[in-house]
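The values are calculated or read from the model by the stated rules, or taken from the named source; none is laboratory data. Given the structure is predicted, the values throughout are model-derived calculations rather than measurements. Here Cβ is always computed from backbone atoms with ideal geometry, including for glycine, and neighbour counts include all displayed protein chains. Note: accessible area is taken over every heavy atom of the protein model, side chains too, but ligands, DNA and RNA are not part of it. Shrake-Rupley method; radii C 1.70, N 1.55, O 1.52, S 1.80 Å.
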Amino acid sequence: MREGLEVDSKLADLMADLEEEKLLALVKALLSQGQTGLSIVEQCRDGLTRVGDRFARKEYFLADLVMAAEIFREVMVEVGPHLPASAASGPQTVIVLGTVKGDVHDMGKNIVGSLLSASGFRVVDAGVDVAPDTFVDKVKETGASIVGLSALLTTALPAMKATIDGLAANGLRRQVRVMVGGAVVNERVRENVGADFYGPDAVSAVKYCQRGGGKSHAA
Amino acid sequence: MRPEERLEAAINLGAPDHVPVAPIIASVAARWAGISQREFLSDTDKGFAALDRAYELLGGCDANWNLYPYQTARALKVIGPLKVLLPGEGIPESGVFQYVETEAMKQDEYPLLIESFAEFNKLYLSRVHPGADGEAIRQTAQWRSELHLRDVERWRVRGVPSMVAAVLSVPFDLLCFMRSWEKFFLDLRRTPDMVIKAQEVIGEAIVRAARRAVTQTGVKRVFLGGTRCAATFVSPKMFDRFVFPTLRGMVEGLFKDGIVSLLHFDSDWTLHLPRLAELPRGSCILDLDGSTDIFEAKRVLRDRLCIMGDVPATLLASGTASEVEAYCKHLIDGVGKGGGFILSSGCDVPVDAKLENVRAMVDTAKRYGAYR
C-alpha cells in the first residue's frame, strides 16, 4: 500500500512538473505491471489540478497549460485501452464550446476544451464561426449544461449576444450556464451579452465548470 | 511644433508641446469612407483615399500608421506570415481579415530553417499560400516595398511622418506562427536548443530587412510585433531563456544605427517589464494594447523607454466619447507625466469603432495633453 501511494504520488508529481518523458515511461511501466488505468488517470488528474493551481499562482503560464494538456492526452492514449467500458463512456457533464459567428480564432477555446476534457468533462467542440442556431442545436442534441463562447473581435460580440438570446428563445436558457471569454471580453461584455460567467483565463473557466457553474461572476 | 518633432521628443523621453496622438487606423478607415473591406484591401487607390479621409475626419494626427501595404489583399495572400481569410471568404464581407494557424512547419524542419532562413521561408510561404512560388514572392515583396515607399512619400509632403519603415515580427512570434501555437509551445520543452538557434537566425534576417527598409524610406523606426512571447503565454523564466537574448541583440543592433524599435506588444507584458527595462535608453517605443498595466509600465520604464497606447478596442467600439475622454485623461495624467508618451489605440482601432470616440481621443491629446 505504501509503495502504491508512493507511485501514485510520483505520477501526480511528474504530471505537475510537466515531465513528459518520465511520466509516460512510468505510465507504460505501471500498465505492464497490472496497475489499473483508472487509478493512473486519477493521479494524473490530481497532477493536472496542481498545474492549474500553479497557473493561478503565476508559476505556470499558458504555454505550460498547452504542454499539460498534451501530456494528459498522451497518457490517455496509453491508458485508454485499459479503461473499463463504463469509464470510457465519460462523465455526465457536457459542455458545448465554440467561437461565435464571424470569428475564426480558436486558441482560447482549444486550450479550455483540452483542459476540460482532461478534467473529465465531455466537451463538444462546435468549432469556429459558429452560428447561434448551431449552438442551440448542439445544446438540444447533447443536453449540455454549460456553453462556452469565445470571441477575439469586437465585431463578433453581437453574435455572442445573439447566441445567448437564441438559447433563451428556444427555452434553453435555464438549462445552461453560459461562460464567455476571449481578448475583447470582460465583465462589461458579460453583462451586456447576458452571460453567467466571464473567465479571464483558461484555468478560471475550468474551475467554474468544476464548481458546477452558477449565476456567479468571474472569481 | 511639427508632428515629427513631437514624436521625436516623446521617443527621446522628453515632453513636446502636447502628447503626440497616433491611433492605429486601418480597417476602420474603409467603414468611415463607405467602402467595403474587400475594396479597401484590394484597391490601393481607394485604400489610400480612405486613410486620407480618416485623417481628415480626426482633425489630423501626429503620424501615418502605415500598416496598410502589409494588409493589402495581395501582400496577405502571397507573403503574409500566415494563411489568411479575406472578407467574403467564409467571414463576413464587412468583417476584417483573419489569420488561420496551421502546422505549416514540422518539428523536424528546424535544421532546414537554421541552415537557410531565406530558403525555408520561401518553402513555408508556398505552403500557407498555394500558388506562391519564388517569383511571385519576390515580385510581391518588391510591389509591397514600392507601395510602402509611395505611402511614406505622400504623407511626408504633407508634413506627416510615417510611423515605421517596415512591419516585422520578433522571431519568437514568427516561429510560433510557422509551427502553430499548439505545436510551438511543446517545442519549448521538447527541442529548446533548436528554438533558440532558429530565433537567432531569423533575428539576423529581420535586422537585415529592417536596415534595408530604413535606407529605402528614410523612416528610422521599425515595427516589431510580439504577442506570443507576452506573459499571457510564457513565464518570465521562459522569456529570459527563449526571447530576450535575441530581442535584446536585435534592438541593440538596430539602435547602434540610430533605428528605434517600435515594440508592438499585444497581450499582457506586465511581468516582463523589468526585463524590458534593460534595453538601451530611448531604443524603443513600447506600444501596448490595453492588456498590460500601462501605469506599471510607466513606473518601471520611466526615463528608459517611450510608452505608447493603449485605448482599448472595446472602449472605442462600444464606449461613449466621454468615457474615452476620461480614459485618455487618466492615461495622460499617469503615463504622460514628464513626457515619453504617445497616445494611441490599443492595437488597431477596431472596424466598428465610433468616429466620435476616436475623435475624442485625438482632441483630448491636443487639448488636455498640452505640456505646461
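Scanning region B:168-184 for residues being hydroxyl-bearing (Ser, Thr, Tyr) and within 11 Å of chain A (Cβ to nearest Cβ) gives a total of 1. In region A:174-195, the residues that are within 14 Å of another protein chain (Cβ to nearest Cβ) form Cβ pairs under 6 Å with partners that are assigned to a strand (DSSP E or B) and of a type outside the set (Ser, Thr, Tyr), at six or more places apart or across chains, as follows: A:VAL180/A:LEU149; A:ARG190/A:VAL180.
Mind checking which residues of region B:99-110 are away from chain A (no Cβ under 14 Å) and in a loop (DSSP other than H, G, I, E, B)? Hits for region B:99-110 are B:ALA104, B:MET105, B:LYS106. Within the set A:ALA126, A:ALA63, the sole residue that is buried (at least 16 other Cβ atoms within 10 Å of the Cβ), among the aliphatic types (A, V, I, L, M) and under 15 Å from the mean Cα position of the chain (by Cα) turns out to be A:ALA126. Of all the numbered requirements in (1) under 19 Å from B:VAL128 (Cβ atoms); (2) assigned to a helix (DSSP H, G or I); (3) touching a Ser or Thr at 6+ places or on another chain (Cβ under 7 Å), B:PHE255 misses one, and that requirement is (1).
Look at region A:94-113: where a residue is part of a helix (DSSP H, G or I) and a partner is among the hydroxyl-bearing types (Ser, Thr, Tyr), sitting 6+ places away or on another chain with Cβ atoms under 8 Å, you get A:GLY108/A:SER150; A:LYS109/A:THR99; A:LYS109/A:SER150; A:VAL112/A:SER150. All of B:LEU113, B:LEU82 fail the test of being at pLDDT 95 or above, in contact with an Asp or Glu (Cβ under 7 Å, 6 or more places away or on another chain) and either within 14 Å of another protein chain (Cβ to nearest Cβ) or open to solvent by less than 60 Å² (accessible area, probe 1.4 Å) (or both), apart from B:LEU82.
Does B:ARG372 count as farther than 28 Å from B:ALA231 by Cα, open to solvent by 20 Å² or more (accessible area, probe 1.4 Å) and in a loop (DSSP other than H, G, I, E, B)?
Details: farther than 28 Å from B:ALA231 by Cα: yes; open to solvent by 20 Å² or more (accessible area, probe 1.4 Å): yes; in a loop (DSSP other than H, G, I, E, B): yes.
In short, yes.
Taken residue by residue, region A:120-131 has at least one member that is of a type in the set (Gly, Ala, Ser) and within 14 Å of another protein chain (Cβ to nearest Cβ).
For region A:131-145, a residue qualifies if it is small (Gly, Ala, Ser) and within 21 Å of B:ILE91 (Cα to Cα), and exactly one does: A:ALA131. Within the bounds of region B:320-332, is there any residue that is part of a loop (DSSP other than H, G, I, E, B), within 14 Å of chain A (Cβ to nearest Cβ) and modelled with pLDDT of 95 or more? Yes: region B:320-332 contains one or more residues that are part of a loop (DSSP other than H, G, I, E, B), within 14 Å of chain A (Cβ to nearest Cβ) and modelled with pLDDT of 95 or more. Residues in region B:335-343: is at least one in contact (Cβ under 8 Å) with a residue 40 or more places away in the chain, buried (at least 20 other Cβ atoms within 10 Å of the Cβ) and assigned to a helix (DSSP H, G or I)? No, region B:335-343 contains no residue that is in contact (Cβ under 8 Å) with a residue 40 or more places away in the chain, buried (at least 20 other Cβ atoms within 10 Å of the Cβ) and assigned to a helix (DSSP H, G or I). Taking B:SER267 as the residue in question, decide whether it is outside any helix (DSSP H, G or I), touching a helix residue (DSSP H, G or I) at 6+ places or on another chain (Cβ under 6 Å), open to solvent by less than 40 Å² (accessible area, probe 1.4 Å) and in contact (Cβ under 8 Å) with a residue 40 or more places away in the chain. In short, no. Find the residue count for region A:157-181, including only residues that are open to solvent by 20 Å² or more (accessible area, probe 1.4 Å) and in contact with an Asp or Glu (Cβ under 8 Å, 6 or more places away or on another chain). Of the residues in that region, 1 qualify. For region B:67-76, the criterion of being within 14 Å of another protein chain (Cβ to nearest Cβ) and of a type outside the set (Lys, Arg) is met by no residue.
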